[in-house]
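Visitor: First, the structure itself, so that you have it in front of you.
The values are calculated or read from the model by the stated rules, or taken from the named source; none is laboratory data. Quick caveat, the model's predicted, so the values are computed rather than measured. We place every Cβ from the backbone using ideal geometry, glycine too, and count neighbours over all the protein chains shown.
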Amino acid sequence: MLEIRDLRFAVEEDGKTKEILHDLNLQIDDGKFVVITGPNGSGKSTLARLIMGIEKPTAGKILFDGTDITDLDVTARAKLGVSFAFQQPVRFKGIRVKDLLRLASGKNLSVSAACEYLSEVGLCARDYIDREINSSLSGGELKRIEIATLLARHTRLSVFDEPEAGIDLWSFQNLIRIFEKMQREIEDSSIVIISHQERILRIADEIVVLSAGRIQKQGSPEEILPGLVGSAGVCEKLQ
């Protein structure tokens, strides 16, 4: 279970303090699929980065399975079972796809096992297994490879920052299947997704709506979606 208590985050801009998140309180139970949405600039991606430890809060606490992880770095949180997928995946020049999957899994995966993860995300394994994670890969290819690494990790909490960004319709439909597979195969695993996409919002157990750094609404899709569909910058459809 993830607990966020009185979380605040502020930055300095032009000599002034700008508050991004204000006294946020949120609980994400085991086995839940939670989508965090809201207009641009509402603090969604900042919250995701705080959960992973990429940013440090100005105040408040983050607890994972009862352990205070507020001051832990990214590596320590990863070891506890937290994974993060960036909106714009990182490139690793000199590292091959199969090496990245082995690092993610924490074991010496066979080539055939690594290929299975690539197949799950719709990539022809023989074309990618020995490729470097560099500029020769498109943004969509990198996104799929990054999701394959999260599948290989089998972590308790997976955080995705706008996973639909830069992918085609087929990949988007496959994403939905992957999210469902992750929840089925990893006991008590939770998924947190930052997204505007209506189709992702519809399959959530719970939707959290952020606005101006505060939780505006929280509830089931049936409770929340009617007020979001068609709202500018909040709920979008993939064409």
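Visitor: Going by the conditions given, is ALA152 closer than 23 Å to ILE28 by Cα, modelled with pLDDT under 90 and of a type in the set (Gly, Ala, Ser)?
Guide: yes
Visitor: Where residues in segment 91-110 are touching a Lys or Arg at 6+ places or on another chain (Cβ under 6 Å) and in a helix (DSSP H, G or I), which of them is nearest to LEU150 (Cα to Cα)?
Guide: If we take residues in segment 91-110 being touching a Lys or Arg at 6+ places or on another chain (Cβ under 6 Å) and in a helix (DSSP H, G or I), then ALA104 is nearest to LEU150 (Cα to Cα).
Visitor: In segment 190-217, what count of residues is obtained for those that are without any contact (Cβ under 8 Å) to a residue 60 or more places away in the chain and either among the hydrophobic types (A, V, I, L, M, F, W, C) or in contact with a strand residue (DSSP E or B) (Cβ under 7 Å, 6 or more places away or on another chain) (or both)?
Guide: Going through segment 190-217 one residue at a time, the tally reaches 3.
Visitor: Of (1) in contact with a Pro (Cβ under 6 Å, 6 or more places away or on another chain); (2) closer than 19 Å to ASP205 by Cα; (3) not small (Gly, Ala, Ser), VAL35 satisfies all except one. Which?
Guide: (1)
Visitor: Now for a different question. Residue under question is ILE129, and the condition is that it be β-branched (Val, Ile, Thr), crowded, with 20+ Cβ neighbours inside 10 Å and touching a strand residue (DSSP E or B) at 6+ places or on another chain (Cβ under 8 Å); does it hold?
Guide: On the way: β-branched (Val, Ile, Thr): yes; crowded, with 20+ Cβ neighbours inside 10 Å: no; touching a strand residue (DSSP E or B) at 6+ places or on another chain (Cβ under 8 Å): yes.
No; evaluated as a whole, the condition is false for this residue.
Visitor: Output the residues belonging to segment 79-90 that are of a type outside the set (D, E, K, R), farther than 23 Å from ASN25 by Cβ and outside any strand (DSSP E or B).
Guide: Listed by number, the residues that qualify are PHE86, GLN87, GLN88, PRO89, VAL90.
Visitor: Go through segment 40-58 and give me each residue that's surrounded by fewer than 17 Cβ atoms within 10 Å (Cβ to Cβ) and farther than 18 Å from VAL74 by Cα.
Guide: ASN40, GLY41
Visitor: Then there's this: Note down all Cβ pairs under 6 Å where the first residue falls in segment 58-78 and is assigned to a loop (DSSP other than H, G, I, E, B), the second is among the basic types (Lys, Arg) and surrounded by 15 or more Cβ atoms within 10 Å (Cβ to Cβ), and they're at least six residues apart or on different chains.
Guide: Between residues of segment 58-78 that are assigned to a loop (DSSP other than H, G, I, E, B) and residues that are among the basic types (Lys, Arg) and surrounded by 15 or more Cβ atoms within 10 Å (Cβ to Cβ), the close pairs are THR58/ARG8; ILE69/ARG77.
Visitor: For segment 66-110, what are the residues that are aliphatic (A, V, I, L, M) and surrounded by fewer than 13 Cβ atoms within 10 Å (Cβ to Cβ)?
Guide: Within segment 66-110, ALA76, VAL90 qualify.
Visitor: Taking segment 156-186, which residues are among the basic types (Lys, Arg), modelled with pLDDT of 80 or more and out of contact with any strand residue (DSSP E or B) (no Cβ under 9 Å at 6 or more places or on another chain)? Spell out how you get there, then give the answer.
Guide: Taking segment 156-186 and keeping what is among the basic types (Lys, Arg), we get 156, 177, 181, 184.
Now drop any that are not modelled with pLDDT of 80 or more, which leaves 156, 177.
Within segment 156-186, ARG177 is the sole residue that qualifies.
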